[in-house]
Amino acid sequence: MANLKEIRNRIASVSSTKQITSAMKMVSAAKLRKSQTAIMQLRPYASQMESMVYRLTDGEKEDIPYIKSKKEEKKILIIALTSNKGLCSVFNSSIIKLTKNLIEKYQSEGKVVYLQSFGKKGDAVFKHIKEIDYLGSKDEIWEGLSFEKVALLVANILKQYEKGLYDKVQIVYNKFKNAALQEPVVESFLPFDINKQNKTNSNYIFEPNKVEILQSVVPLFLNTKMYRCFLDSFTSEHGARMSSMNKATDNAQTLLNDLTLTYNKLRQASITNEIIEICSGANALS
């Protein structure tokens, strides 16, 4: 059985850990509130823009290179969003697992797989995967995540897609549900399939014309879509970390209560033994 000194040391260690996890929970909660507000404001805008683009693209396949065609999709680019830091439960492991499954699926179909990672936790695993063209990890994007940073990324992807470097682009990320729930999803980025959408057969007059409007709107739509995925992942990370640190703090408090109880019992037993020894010695002298 541990002595009083060992238990005191354990109590001090657990108390220190509890302070750290509690502080991390508060930091994540503050970041979560800010990013949650941003994603909730962005989603309606992104949804309306998507609906508008799908209505506009009806019958314009020949003029827009990002619309799904009948050609074989042989070269696949997978974009995986993880975090730079850990201590966020299964946030990273679920994305890594889903990405690996997707890679195996495409490889079994004989496709060429390219992988672009965002986040140090994913990079540590993805760089060891064989038989794929790993494009590295751009971890710095999470430091001060902004629409402008994502827009530069999208511009580069669009150029590569137009040159035929990729036939299909997919994003693997955590979709934010609430602070305690994040859903790992695979979302198609390029090309988008207009045949899957419901269209409104309304008579509109376009000025200057539909094609020119699409050439301006589609890149903005794709920028917004990619930014929404990044913001979803960013918000999910802080939600997962806040929940994880909250559980860790609760567990530390439970352990602290148990250790304190054990310490008090041992201390009381030690005091009782000392009293008995004193009384026994006094009786022996009388």
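Both the radius of gyration and Dmax for region 1-144 are 22.8, 80 Å, in that order, over alpha-carbon atoms. Average 1/r across all pairs of distinct alpha carbons in region 1-44, invert it, and you get the Kirkwood radius: 13.1 Å. Using a probe of 1.4 angstrom and keeping all protein chains present, the accessible surface of the chain works out to 56 square angstrom per residue. Here the calculated FRET efficiency for Met40 and Ser280, from their Cβ-Cβ distance with R0 = 51 Å, stands at 0.10, rounded to the nearest 0.05. Using the alpha carbons alone, the radius of gyration of region 61-166 stands to its Kirkwood radius in an Rg to Rh ratio of 0.99. Phi angles of region 84-94 translate, via the Karplus equation with coefficients 6.51, -1.76, 1.60 and θ = phi - 60°, into HN-Hα couplings of 7, 10, x, 6, 9, 6, 8, 3, 7, 4, 5 Hz per residue; Gly and Pro are given as x. For the chain, the longest principal axis of the alpha carbon atoms and the long axis of helix 147-162 meet at an angle near 50°. In the chain, the calculated helix contribution to ellipticity at 222 nm averages -21500 deg cm²/dmol per residue, counting -39,500 (n - 2.57) for every DSSP H run with n ≥ 4. Taking Cα atoms of region 147-286, Rg/Rh with Kirkwood Rh, to two decimals? Taking Rh as the inverse mean 1/r over Cα pairs, Rg/Rh reads 1.53.
In this structure, the residue pairs whose Cα-Cα separation is over 27 Å, taken from Lys34/Lys149; Lys97/Lys225; Lys25/Lys105; Lys105/Lys138; Lys177/Lys247; Lys163/Lys210, are Lys25/Lys105.
The shape of region 225-269 can be summarised by an equivalent ellipsoid whose semi-axes, obtained from the alpha carbon gyration tensor, come to 43, 4, 4 Å from longest to shortest. For the chain, the fraction of 1.4 Å probe accessible surface lying on carbon and sulfur atoms is 53 percent. Given q = 0.06, 0.08, 0.14, 0.15 Å⁻¹, what are the Debye log10 I(q)/I(0) values for the chain, with equal point scatterers placed on the Cα positions and solvent ignored? Values, matching the q order: -0.32, -0.49, -1.05, -1.15.
Convex hull volume of the Cα atoms of region 129-192, normalised per residue: 140 Å³. If the segment from Lys105 to Lys210 were pulled out straight at 0.36 nm per residue, it would be longer than the present Cα-Cα gap by 34.0 nm.
The values are calculated or read from the model by the stated rules, or taken from the named source; none is laboratory data. The shown structure was predicted, so the numbers you read here are calculated from the model rather than taken from an experiment. All Cβ positions, even for glycine, are placed from backbone atoms using ideal geometry, and neighbour counts span all protein chains on display. The protein model used for the area step is the full one, side chains on, heavy atoms only, and it has no ligands, DNA or RNA in it. Shrake-Rupley method; radii C 1.70, N 1.55, O 1.52, S 1.80 Å.
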